[in-house]
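Visitor: Below is one structure. I have some questions about it.
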Amino acid sequence: MKVTLVQGDITGQQVDAIVNAANSSLLGGGGVDGAIHRRGGPDILAACRHLRATTYPDGLPTGQAVATTAGRLPAHSVIHTAGPVYSTKEDRSPLLASCYRESLRVADELAATTVAFPAISTGIYRWPMRNAAHIAISTVRATPSQVHEVRFVLFGAEAYAVFEQVLGA
Ligand code: ADP
């Protein structure tokens with residue numbers, strides 16, 4: 001598996017699957033989630049509502065992942081994963097690692113070979129970027145899957161620089 005880094009907007013990535021840093025409600029939010037629903041159009045939200053009405057009546061548990069259509073995005077699928085909110089009182093790293101692992105498991109189910117990830121939990125959920133980058137990179141490297149390319153799409157120059165350092169270390 002090749003791990004690559006891109007600075008930019010994840011909604012423009014031409015990949016088999018885009019991972020959404022969603023929340024448990026699956027019904028939309030800010031950050032990456034808002035951007036994906038805005039650019040992807042209403043079919044994604046309709047698919048999420050269907051999931052809430054069927055498989056996940058109480059929402060998607062933190063650390064798990066589920067796929068929907070990508071609507072009008074230049075990708076085949078969106079894999080929604082619910083990241084943990086950062087806590088100084090409790091180590092939630094296993095849940096953040098689980099988001100990456102479970103997203104790759106879902107990617108395998110979809111036969112997706114190129115997958116774009118945002119830096120899950122580092123926005124509204126306040127996870128420190130460097131630690132999040134360590135967890136992200138070490139987890140995807142340690143997860144066996146059929147995915148050929150994991151592309152981390154970082155929103156700003158700072159986030160990109162941190163991932164570049166961690167990837168090179
Ligand atoms: P979370 O709730 O998991 O923290 P956010 O969407 O708030 O999710 O933020 C996750 C990361 O994604 C942050 O580093 C944020 O700067 C970044 N981000 C926000 N919008 C985009 C986008 N369109 N493409 C890629 N990354 C984005």
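The values are calculated or read from the model by the stated rules, or taken from the named source; none is laboratory data. Owing to the predicted nature of the structure, the values given are computational and were not obtained by experimental measurement. Methodologically, a virtual Cβ is constructed for each residue, glycine included, from the backbone with ideal geometry; neighbour enumeration extends over all protein chains shown.
Visitor: Of all residues in segment 109-128, how many are within 7 Å of the ligand (Cβ to nearest atom) and among the hydrophobic types (A, V, I, L, M, F, W, C)?
Guide: 4
Visitor: Another question about this same structure. Quick one: is Thr4 at pLDDT 95 or above, in contact with an Asp or Glu (Cβ under 7 Å, 6 or more places away or on another chain), β-branched (Val, Ile, Thr) and away from the ligand (no atom under 11 Å from the Cβ)?
Guide: For Thr4, the condition - at pLDDT 95 or above, in contact with an Asp or Glu (Cβ under 7 Å, 6 or more places away or on another chain), β-branched (Val, Ile, Thr) and away from the ligand (no atom under 11 Å from the Cβ) - is met.
Visitor: Hey, another quick one. Please go through segment 56-73 and pick out each residue that is of a type in the set (Val, Ile, Thr) and within 15 Å of the ligand (Cβ to nearest atom).
Guide: The one that is of a type in the set (Val, Ile, Thr) and within 15 Å of the ligand (Cβ to nearest atom): Thr62.
Visitor: May I pose another question? Restricting segment 108-126 to residues that are surrounded by 22 or more Cβ atoms within 10 Å (Cβ to Cβ) and of a type in the set (A, V, I, L, M), which is nearest to Glu149 (Cα to Cα)?
Guide: Per the criteria, the residue is Val115.
Visitor: Do we have Ser138 as within 15 Å of the ligand (Cβ to nearest atom) and either among the basic types (Lys, Arg) or not in a strand (DSSP E or B) (or both) here?
Guide: Criteria not met by Ser138.
Visitor: Scan Val19, Val15 and give me the residue that is touching a Phe, Trp or Tyr at 6+ places or on another chain (Cβ under 6 Å), within 21 Å of Thr114 (Cα to Cα) and modelled with pLDDT of 95 or more.
Guide: Val19
Visitor: Would you list the strands (runs of 3 or more DSSP E) that sit entirely within segment 1-107 and hold 3 or more residues that are touching a residue at least 40 places away in the same chain (Cβ under 8 Å) and buried (at least 17 other Cβ atoms within 10 Å of the Cβ)?
Guide: Filter on segment 1-107 gives 15-22, 65-69, 75-82.
Visitor: Return yes when Ser145 is surrounded by 15 or more Cβ atoms within 10 Å (Cβ to Cβ), away from the ligand (no atom under 13 Å from the Cβ) and assigned to a loop (DSSP other than H, G, I, E, B) and no when it is not.
Guide: Yes; evaluated as a whole, the condition is true for this residue.
Visitor: Given the condition more than 16 Å from the ligand (Cβ to nearest atom) and in contact with a strand residue (DSSP E or B) (Cβ under 9 Å, 6 or more places away or on another chain), answer yes or no: does some residue in segment 74-89 qualify?
Guide: yes
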